[in-house]
Amino acid sequence: MARNMSDDTASPSGEIFPERSARIGFSRNRLVRHSERREKASDIAAMMALPEARSFVIAGDVPIFRRDGEAFTPRFTMAEAGALAPVAETALLGTLDGTPLFATLIAAGEGERLKESGLFAIDLRSIAVQGLLPQDELGPLGEGKALMDWHRRHGFCANCGVRTASASGGWRRDCAACGAQHFPRTDPVVIMLSVRGERCLLGRQARFAPGMYSCLAGFVEPGETVEDAVRRETMEEAGIRTGRVRYLASQPWPFPSSLMIGCLAEALDEDLVVDAIELEHARWFTRAEVGAMLRGEHPDGLTAPLPFAIAHHILKAFVEEGEGF
C-alpha cells in the first residue's frame with residue numbers, strides 16, 4: 001500500500017517513523033524532554049531565564065490563549081505567565097526546536113478574570129475539535145495540561161497526608177514528612193474494535209452526541225495484560241467472546257491523563273448482551289456503513305468520532321486499509 005509521507009512523524013533526533021499513532025490528536029510531540037537535567041535546578045533556572053523561553057498557562061484545567069495576529073497562541077513569555085495570576089506550579093516540558101517550553105498552573109477561577117482582560121480560556125477538547133493549533137503545538141500543550149492537572153489533584157502525600165512539594169523540574173512531588181516520592185500518573189485504557197468477518201461492533205454511551213457510535217473502551221486493571229483487558233471489557237460491555245487481539249496505535253488522552261491503547265479484537269460470536277449501565281446501545285456495522293459514517297453520509301444520520309480521536313483512526317484502518325482477521 002502506498003504511504004502518505006505527510007503522515008510520517010519525526011523523532012527528536014530527526015528520524016522519520018511512519019506510525020499510525022502520529023496521525024492522531026495529541027500524539028505528535030517532538031519535545032526533547034531533557035529528563036537528565038530535571039534534577040539540576042540551576043539548569044532549569046538558566047533555561048527559564050532565556051529570552052526565548054515560553055510557557056503554556058493552565059487555569060485549573062483550561063489553557064489560556066492570546067491573539068497573535070489572526071491566530072490564537074497558548075505561548076507566553078515567562079514574565080507574562082508569571083504576571084497573569086499567582087503561580088501555583090511551574091514545570092519544564094522540554095525544548096521544541098531549541099525553544100524551552102514550560103507549563104504554568106494558575107487557579108481555575110483566574111480564567112474568567114483573564115477573559116475580561118482580552119485573553120481567552122479555551123478547553124482542550126474544543127481546541128482539538130476546531131483545529132485551533134497545529135499538531136506540533138497540540139501534543140506539548142496536552143502534555144502540559146495533563147501534568148498541571150496532576151499537580152492540581154495530588155498536592156498531598158498519599159502515604160501520610162502531608163502537603164508535598166514540587167521537585168525534579170515539576171516531574172515529581174516530594175513529601176518532607178515521610179520521604180515518599182510521587183510521580184505523574186498515566187492511566188492505560190484499551191479501546192478496541194471487535195471484528196467478525198466484514199462487520200465490526202460499535203456502541204454508544206448516553207453522553208455521546210446524538211447518533212454517534214464508537215469503539216468500546218475501558219481501563220486496564222492491575223494484573224491485566226492489554227489483551228486480557230480487551231477480552232474482559234468486550235465481554236462485560238457486549239457479551240462477546242474475543243480471540244486474537246492486535247495492537248494498532250496509541251494516543252495520549254489528557255482528560256485528565258490516560259493513554260489510549262488502540263486494538264483490533266477477533267470476535268468469536270455475534271449475539272450481543274449489552275450492559276445497559278455502560279452502553280445505551282450497541283450493534284454490528286458493515287465496512288460500508290462505517291465508511292458512510294466517517295464521511296458523514298450514513299442514511300440514518302449516524303456518525304463516527306472526529307479525527308482528533310483514536311477511535312476515528314481505528315475505524316479508518318478497518319474501512320480504508322482492510323484491517324481485520
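The values are calculated or read from the model by the stated rules, or taken from the named source; none is laboratory data. All figures in this text were calculated on a predicted structure; none of them were measured in a lab. Cβ sites come from the backbone with ideal geometry, for glycine too, and all protein chains shown count toward neighbours. These area figures cover heavy atoms from the full protein model, side chains too; ligands, DNA and RNA do not enter into them. Shrake-Rupley method; radii C 1.70, N 1.55, O 1.52, S 1.80 Å.
General observations
Quick grid of which residues meet (1) without any contact (Cβ under 8 Å) to a residue 40 or more places away in the chain; (2) open to solvent by less than 20 Å² (accessible area, probe 1.4 Å); (3) in contact with a strand residue (DSSP E or B) (Cβ under 6 Å, 6 or more places away or on another chain):
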position: Arg241; (1), (2), (3): yes, no, no
position: Ala249; (1), (2), (3): no, yes, yes
position: Trp253; (1), (2), (3): no, no, yes
position: His281; (1), (2), (3): no, no, yes
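- Qualifying residue in segment 183-195 (condition: in contact (Cβ under 8 Å) with a residue 12 or more places away in the chain, surrounded by 15 or more Cβ atoms within 10 Å (Cβ to Cβ), touching a helix residue (DSSP H, G or I) at 6+ places or on another chain (Cβ under 7 Å) and under 20 Å from Arg37 (Cβ atoms)): yes
- Test result for Ala267, hydrophobic (A, V, I, L, M, F, W, C) and out of contact with any strand residue (DSSP E or B) (no Cβ under 9 Å at 6 or more places or on another chain): no
- Identification of strands (runs of 3 or more DSSP E) wholly contained in segment 38-151 with 2 or more residues that are more than 23 Å from Arg172 (Cα to Cα) and open to solvent by less than 60 Å² (accessible area, probe 1.4 Å) yields 62-68, 71-73, 75-77.
- Looking only at segment 249-283, and only at residues there that are of a type in the set (Gly, Ala, Ser) and in a loop (DSSP other than H, G, I, E, B), the one that is nearest to Phe208 (Cα to Cα): Ala276
- Residue match in segment 136-143 (condition: at pLDDT below 95 and more than 28 Å from Ile44 (Cα to Cα)): no
- Among residues of segment 284-302, those that are part of a strand (DSSP E or B) and in contact with a Leu (Cβ under 9 Å, 6 or more places away or on another chain), counted: 2
- Taken over segment 82-115, the criterion of being hydrophobic (A, V, I, L, M, F, W, C), closer than 23 Å to Glu39 by Cα and more than 21 Å from the chain's Cα centre (by Cα) is satisfied by Val87, Ala88.
- Residue match in segment 18-34 (condition: out of contact with any helix residue (DSSP H, G or I) (no Cβ under 8 Å at 6 or more places or on another chain), open to solvent by 50 Å² or more (accessible area, probe 1.4 Å) and modelled with pLDDT under 95): yes
- The set of residues in segment 196-209 being open to solvent by 60 Å² or more (accessible area, probe 1.4 Å), of a type outside the set (A, V, I, L, M) and either under 20 Å from the mean Cα position of the chain (by Cα) or closer than 19 Å to Asp275 by Cα (or both) consists of Arg207 alone.
- The numbered conditions (1) at positive phi; (2) loosely packed, with under 13 Cβ neighbours inside 10 Å are all true for Ser168 except (2).
- Output for segment 203-217, where each listed residue is within 12 Å of Thr234 (Cβ to Cβ) and in contact with a Phe, Trp or Tyr (Cβ under 9 Å, 6 or more places away or on another chain): Gly203
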